[in-house]
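Here the structure comes first, spelled out in C-alpha coordinates, and everything after it is commentary.
The values are calculated or read from the model by the stated rules, or taken from the named source; none is laboratory data. None of the values given here were measured: they were computed from a predicted structure. Cβ sites come from the backbone with ideal geometry, for glycine too, and all protein chains shown count toward neighbours. All accessible areas refer to the heavy atoms of the entire protein, side chains included, with ligands and DNA or RNA removed. Shrake-Rupley method; radii C 1.70, N 1.55, O 1.52, S 1.80 Å.
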Amino acid sequence: TEGERLTDVVEPRLKDVLLTARMEQALSDVEHGKRGPSEVMDMFHREALRIPADATANLKADAVTRTTNTDAQEWGDCPRCGQPVRKTGRMWQCSTNKTEKTKDGKWATTAGCGWKMFARIAGKTITDQTARRLLAGQSVTLKGFTSKSGKKFDAAIRIDKERGTAFDFDR
Ligand SMILES: [Zn+2]
(Lines give C-alpha, C1' and ligand atoms only; values in the text may rest on other atoms or scores of the structure.)
Protein backbone atom coordinates (compact mmCIF):
# COMPACT_ATOMS: atom_id res chain seq x y z
CA THR A 1 0.00 0.00 0.00
CA GLU A 2 0.94 3.65 -0.23
CA GLY A 3 1.49 3.77 3.51
CA GLU A 4 3.94 0.91 3.48
CA ARG A 5 5.90 2.46 0.65
CA LEU A 6 6.08 5.65 2.67
CA THR A 7 7.49 3.71 5.60
CA ASP A 8 10.11 2.16 3.31
CA VAL A 9 11.22 5.55 2.09
CA VAL A 10 11.31 7.26 5.43
CA GLU A 11 12.50 4.67 7.86
CA PRO A 12 16.06 3.81 6.86
CA ARG A 13 17.19 7.38 6.56
CA LEU A 14 15.27 9.17 9.22
CA LYS A 15 14.04 6.70 11.76
CA ASP A 16 16.30 7.64 14.63
CA VAL A 17 15.98 11.36 14.23
CA LEU A 18 12.48 11.71 13.10
CA LEU A 19 10.11 8.93 13.88
CA THR A 20 8.55 10.29 16.95
CA ALA A 21 5.39 8.73 18.28
CA ARG A 22 3.49 11.36 16.31
CA MET A 23 5.07 10.30 13.05
CA GLU A 24 4.47 6.64 13.79
CA GLN A 25 0.83 7.51 14.37
CA ALA A 26 0.67 9.36 11.05
CA LEU A 27 2.09 6.36 9.20
CA SER A 28 -0.35 4.08 10.94
CA ASP A 29 -3.19 6.42 9.95
CA VAL A 30 -2.17 6.18 6.31
CA GLU A 31 -1.99 2.41 6.52
CA HIS A 32 -5.51 2.33 7.94
CA GLY A 33 -6.83 4.86 5.46
CA LYS A 34 -7.50 7.52 8.07
CA ARG A 35 -5.21 10.04 6.39
CA GLY A 36 -4.16 10.64 2.84
CA PRO A 37 -0.59 9.66 1.93
CA SER A 38 0.10 13.09 0.41
CA GLU A 39 -0.94 14.84 3.63
CA VAL A 40 1.47 12.71 5.62
CA MET A 41 4.19 13.05 2.99
CA ASP A 42 3.87 16.83 3.36
CA MET A 43 4.26 16.43 7.08
CA PHE A 44 7.41 14.37 6.60
CA HIS A 45 8.82 16.94 4.23
CA ARG A 46 8.24 19.66 6.80
CA GLU A 47 9.89 17.52 9.48
CA ALA A 48 12.78 16.73 7.15
CA LEU A 49 13.42 20.44 6.65
CA ARG A 50 13.82 20.79 10.39
CA ILE A 51 16.47 18.10 10.68
CA PRO A 52 19.59 20.18 10.06
CA ALA A 53 18.49 22.75 12.62
CA ASP A 54 17.61 20.09 15.16
CA ALA A 55 20.88 18.27 14.59
CA THR A 56 22.78 21.50 15.12
CA ALA A 57 20.85 22.15 18.31
CA ASN A 58 21.79 18.71 19.58
CA LEU A 59 25.44 19.28 18.76
CA LYS A 60 25.35 22.62 20.58
CA ALA A 61 23.85 20.91 23.63
CA ASP A 62 26.66 18.36 23.38
CA ALA A 63 29.26 21.07 23.35
CA VAL A 64 27.70 22.79 26.34
CA THR A 65 27.68 19.52 28.28
CA ARG A 66 31.30 19.08 27.42
CA THR A 67 32.24 22.51 28.68
CA THR A 68 30.25 22.30 31.91
CA ASN A 69 31.62 18.81 32.43
CA THR A 70 35.04 20.19 33.22
CA ASP A 71 36.25 19.77 36.75
CA ALA A 72 36.70 22.72 39.04
CA GLN A 73 40.31 21.87 39.76
CA GLU A 74 43.05 24.41 39.34
CA TRP A 75 45.43 23.30 36.65
CA GLY A 76 47.42 26.45 36.21
CA ASP A 77 47.58 29.17 33.61
CA CYS A 78 47.40 28.73 29.88
CA PRO A 79 50.94 28.94 28.52
CA ARG A 80 49.69 30.85 25.50
CA CYS A 81 47.34 33.47 26.96
CA GLY A 82 47.50 33.16 30.76
CA GLN A 83 43.86 32.23 31.34
CA PRO A 84 43.10 29.18 33.51
CA VAL A 85 43.56 25.73 32.02
CA ARG A 86 40.77 23.16 32.26
CA LYS A 87 40.63 19.46 31.80
CA THR A 88 37.97 18.50 29.29
CA GLY A 89 37.58 14.87 28.38
CA ARG A 90 40.97 13.56 27.35
CA MET A 91 42.80 16.84 27.10
CA TRP A 92 43.80 19.89 29.00
CA GLN A 93 43.03 23.10 27.27
CA CYS A 94 42.71 26.82 27.68
CA SER A 95 39.42 27.80 29.33
CA THR A 96 38.89 30.39 26.59
CA ASN A 97 38.56 27.58 24.03
CA LYS A 98 35.13 26.70 22.78
CA THR A 99 34.82 23.29 21.24
CA GLU A 100 31.96 22.24 19.05
CA LYS A 101 31.19 19.07 17.21
CA THR A 102 31.17 19.67 13.49
CA LYS A 103 28.76 18.02 11.08
CA ASP A 104 31.27 15.29 10.24
CA GLY A 105 31.43 14.35 13.92
CA LYS A 106 34.84 15.81 14.69
CA TRP A 107 35.52 18.25 17.49
CA ALA A 108 36.77 21.61 16.37
CA THR A 109 37.93 24.59 18.38
CA THR A 110 35.68 27.44 17.29
CA ALA A 111 36.87 30.17 19.67
CA GLY A 112 39.54 30.87 22.24
CA CYS A 113 43.32 30.96 22.17
CA GLY A 114 43.44 27.36 20.97
CA TRP A 115 46.06 25.96 23.33
CA LYS A 116 45.52 22.31 24.20
CA MET A 117 47.49 19.38 25.46
CA PHE A 118 46.33 15.86 24.79
CA ALA A 119 46.25 13.32 27.60
CA ARG A 120 47.84 10.74 25.35
CA ILE A 121 51.18 11.43 23.71
CA ALA A 122 52.98 8.84 21.60
CA GLY A 123 51.04 6.00 23.17
CA LYS A 124 51.64 7.21 26.72
CA THR A 125 48.89 8.52 28.99
CA ILE A 126 49.64 11.78 30.72
CA THR A 127 48.46 11.53 34.32
CA ASP A 128 46.94 14.42 36.24
CA GLN A 129 50.08 14.58 38.34
CA THR A 130 52.28 14.86 35.26
CA ALA A 131 49.97 17.49 33.79
CA ARG A 132 50.32 19.60 36.93
CA ARG A 133 54.08 19.43 36.79
CA LEU A 134 54.09 20.31 33.10
CA LEU A 135 51.72 23.21 33.63
CA ALA A 136 53.95 24.42 36.45
CA GLY A 137 56.65 24.78 33.80
CA GLN A 138 58.62 21.65 34.56
CA SER A 139 60.14 19.28 32.08
CA VAL A 140 58.99 15.77 32.96
CA THR A 141 60.82 12.61 31.95
CA LEU A 142 58.50 9.71 31.15
CA LYS A 143 59.29 6.16 30.22
CA GLY A 144 57.61 4.06 27.58
CA PHE A 145 56.61 6.33 24.72
CA THR A 146 56.07 4.51 21.43
CA SER A 147 57.46 5.99 18.25
CA LYS A 148 55.61 5.88 14.93
CA SER A 149 57.80 2.94 13.92
CA GLY A 150 56.79 1.10 17.11
CA LYS A 151 60.02 1.64 19.04
CA LYS A 152 59.78 2.31 22.77
CA PHE A 153 61.63 5.30 24.09
CA ASP A 154 61.95 7.44 27.19
CA ALA A 155 61.90 11.19 26.87
CA ALA A 156 61.34 14.41 28.67
CA ILE A 157 58.35 16.47 27.66
CA ARG A 158 57.48 20.05 28.38
CA ILE A 159 54.71 22.47 27.62
CA ASP A 160 54.89 24.06 24.22
CA LYS A 161 53.02 27.28 23.57
CA GLU A 162 52.34 26.37 19.97
CA ARG A 163 52.02 22.61 19.93
CA GLY A 164 50.64 21.88 23.41
CA THR A 165 53.52 19.67 24.43
CA ALA A 166 56.91 19.02 22.95
CA PHE A 167 59.64 16.46 23.50
CA ASP A 168 62.49 18.04 25.35
CA PHE A 169 65.48 16.37 23.69
CA ASP A 170 67.84 19.13 24.75
CA ARG A 171 68.08 17.83 28.28
ZN1 LIG B 1 44.87 30.33 26.35
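When the residues Cys113, Cys81, Cys94 are ordered by accessible surface, computed with a 1.4 Å probe over the protein chains alone, the sequence from largest down reads Cys81, Cys113, Cys94.
Between Lys152 and Lys98, what is the FRET efficiency for a Förster distance of 25 Å, r being their Cβ-Cβ separation, to the nearest 0.05?
Details: r = 37 Å, r/R0 = 1.48.
FRET efficiency, Lys152 to Lys98: 0.10.
Solvent-accessible area of Glu39, all protein chains in place: 100 Å² (probe radius 1.4 Å, heavy atoms, ligands and nucleic acids excluded).
When the surface is traced with a 1.4 Å probe over the full set of protein chains, Lys151 keeps roughly 140 Å² accessible.
Rounded, prolate or oblate for the stretch 72-167? Axes are the square roots of the Cα gyration tensor eigenvalues, ordered a ≥ b ≥ c, and the cut-off for rounded is a/c under 1.5. Since a/c reaches 1.5 but b/c is at least a/b, the shape of the stretch 72-167 is classed as oblate. Measuring only protein heavy atoms, the 1.4 Å probe finds Phe167 accessible over about 60 Å².
Please give the length that would be gained between Lys161 and Met43 if that part of the chain were fully extended, namely 0.36 nm times their separation in residues minus their C-alpha to C-alpha distance (nm, one decimal).
37.2 nm
Annotation for Glu24 and Asp77: the two label points, set 7 Å from Cα along the Cα-Cβ direction, are 5.7 nm apart. With a threshold of 29 Å on the Cα-Cα distance, the over-threshold entries among Lys101/Lys161; Lys98/Lys124; Lys98/Lys151; Lys101/Lys143; Lys106/Lys143 are Lys98/Lys151; Lys101/Lys143; Lys106/Lys143.
Would you mind counting up the charge near Glu162? Only other residues with Cβ under 15 Å from its Cβ, with Lys and Arg at +1 and Asp and Glu at -1. Charge balance in the 15 Å sphere: +3. With each label modelled as a point 7 angstrom along the Cα→C-beta vector, the Phe145-Asp128 pair spans 2.5 nm.
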